[in-house]
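Here the structure is laid out as structure tokens; the discussion comes afterwards.
The values are calculated or read from the model by the stated rules, or taken from the named source; none is laboratory data. Just so it is clear, the structure is predicted and the values come from calculations on it, not from any experiment. Backbone-built Cβ (ideal geometry, glycine too); neighbour counts: all protein chains shown. What goes into the accessible areas is simple: the full protein's heavy atoms, side chains included, and nothing from ligands, DNA or RNA. Shrake-Rupley method; radii C 1.70, N 1.55, O 1.52, S 1.80 Å.
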Amino acid sequence: MRIFSGIQPTGRKHLGNYVGAIRQYVAGQERAVEAGGDAIFCIVDLHATTVQYDPAELRERLYDTTALLLAAGLDPARCVLFRQSDVQEHAELCWLLCSVTAHGDLNRMHQFKDKSAQQRELVSAGLFLYPTLMAADVLAYRATEVPVGDDQRQHVELMRDIALRFNARFAAEREPVLVVPEHRIPEVGARIMDLQEPTRKMSTSSSSVEGTLYVLEEPAALVKKFKRAVTDSDNEIRFDRAAKPGVSNLLELLAVARGTTIADAQASMADARGYGDLKLATAEAVDGLLAPVRERYAELRPDEAAIEEALGAGAEKARAIASGVLADVREVMGVGPRR
Ligand code: TYM
């Protein structure tokens, strides 16, 4: 078993990132250690260059994101944690996989449609190829599992298609060269919604500050954002995503933060006097979940040299795996000298 996932060093990481992805990384790390497998996590700075960005800020956000992952419980002694651009095999494999990526498939990607509509100056070719680079990230390690939130489902489907097409095209007569990975999307918390617009997902690029709860949110601001969360005009605390999206989002967060089921979270609110009680209970539970991460982050973030050292060691381990896979890919594609 080999787990791989990636996270962008953009913006401030929010509760959706934490609940949908980061906590699965930590769980995955523990499962991998137990099973004698590997868990590999990558901060994808090359992906972050596909939209307008500020170069100096990218580096800061890279440290922020790495410190956050460490604070959340990723341990470089138990997993591989590295920066995408440190392992050049990702960019090379992306190019090679372009030969088996259908233009029409890239055109159908929801994320490309959404993000290209948001770009004011330039829709870059990189944004279009984003899913192929993502496929390269995972396929370079022959990963079997990809923990992600629900919004990445389509991208994981595409990387499966790319792996299958690659094997059929270049390795039909021999052992498959690439492994076809499975997504791992959590049952609860895979799609956390914007607190102000609960029919839209919480998103770094399109949510408002009021609608987004940051992982590092100060407790007072956290309570305020939950108090102001949009619910609905009746008074019934019931999980029903279609009819009651705001209340359902709060119940889902309450369940995740307490480690219970949504049904239990709903039952615990049976005596509540109104939505105010639900909002406060959720704020308290979410603060309990995030407070240790916040505290640990404050300790880790200032030491950029230590962060670089951890990333450098991670990149070495990553390269050792990816270079072997790339050698096989080049060989079957007829690229470079005969082996
Ligand atoms: P990024 O940084 O945009 O998102 C990181 C993770 O957070 C999840 N997520 C959510 N989960 C629940 N509710 C939400 N509202 C929410 N918003 C975001 C995302 O699904 C993601 O898992 N394209 C990837 C980065 C990537 C990657 C990879 C992932 C690059 N290469 C290879 C897996 C494997 C992304 O969206 O990052």
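Numerical summary
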item	result
Residue match in the range 140-153 (condition: touching a helix residue (DSSP H, G or I) at 6+ places or on another chain (Cβ under 7 Å), more than 11 Å from the ligand (Cβ to nearest atom) and open to solvent by less than 40 Å² (accessible area, probe 1.4 Å))	no
Extreme residue, nearest to the ligand (Cβ to nearest atom), among residues of the range 202-215 that are surrounded by 18 or more Cβ atoms within 10 Å (Cβ to Cβ) and of a type outside the set (S, T, N, Q)	MET202
Out of ARG78, ARG61, sole residue that is open to solvent by 50 Å² or more (accessible area, probe 1.4 Å), within 15 Å of the ligand (Cβ to nearest atom) and among the basic types (Lys, Arg)	ARG61
Any helices (runs of 4 or more DSSP H) falling wholly within the range 224-339 and containing at least 1 residues that are open to solvent by less than 30 Å² (accessible area, probe 1.4 Å) and of a type in the set (Ser, Thr, Tyr)	245-258, 275-300
Some residue of the range 90-98 being buried (at least 19 other Cβ atoms within 10 Å of the Cβ), within 10 Å of the ligand (Cβ to nearest atom) and not in a loop (DSSP other than H, G, I, E, B)	yes
Some residue of the range 158-167 being more than 11 Å from the ligand (Cβ to nearest atom), part of a loop (DSSP other than H, G, I, E, B) and modelled with pLDDT of 95 or more	no
Test set (1) free of Cβ contacts under 8 Å to residues at least 60 places away in the same chain; (2) closer than 30 Å to GLN119 by Cβ; (3) in a loop (DSSP other than H, G, I, E, B) - GLU217 fails condition number	(1)
Filter result for ALA135 (part of a helix (DSSP H, G or I), within 13 Å of the ligand (Cβ to nearest atom) and surrounded by 22 or more Cβ atoms within 10 Å (Cβ to Cβ))	yes
Residue match in the range 104-112 (condition: within 12 Å of the ligand (Cβ to nearest atom), closer than 17 Å to ARG153 by Cα and charged (D, E, K, R))	no
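Matching residues to (1) under 16 Å from LEU74 (Cβ atoms); (2) more than 7 Å from the ligand (Cβ to nearest atom):
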{"residue": "ARG2", "(1), (2)": "yes, yes"}
{"residue": "SER5", "(1), (2)": "yes, no"}
{"residue": "GLY11", "(1), (2)": "no, yes"}
{"residue": "ASN17", "(1), (2)": "yes, no"}
{"residue": "GLN24", "(1), (2)": "yes, yes"}
{"residue": "ALA27", "(1), (2)": "yes, yes"}
{"residue": "GLU30", "(1), (2)": "yes, yes"}
{"residue": "VAL33", "(1), (2)": "yes, yes"}
{"residue": "ASP38", "(1), (2)": "yes, yes"}
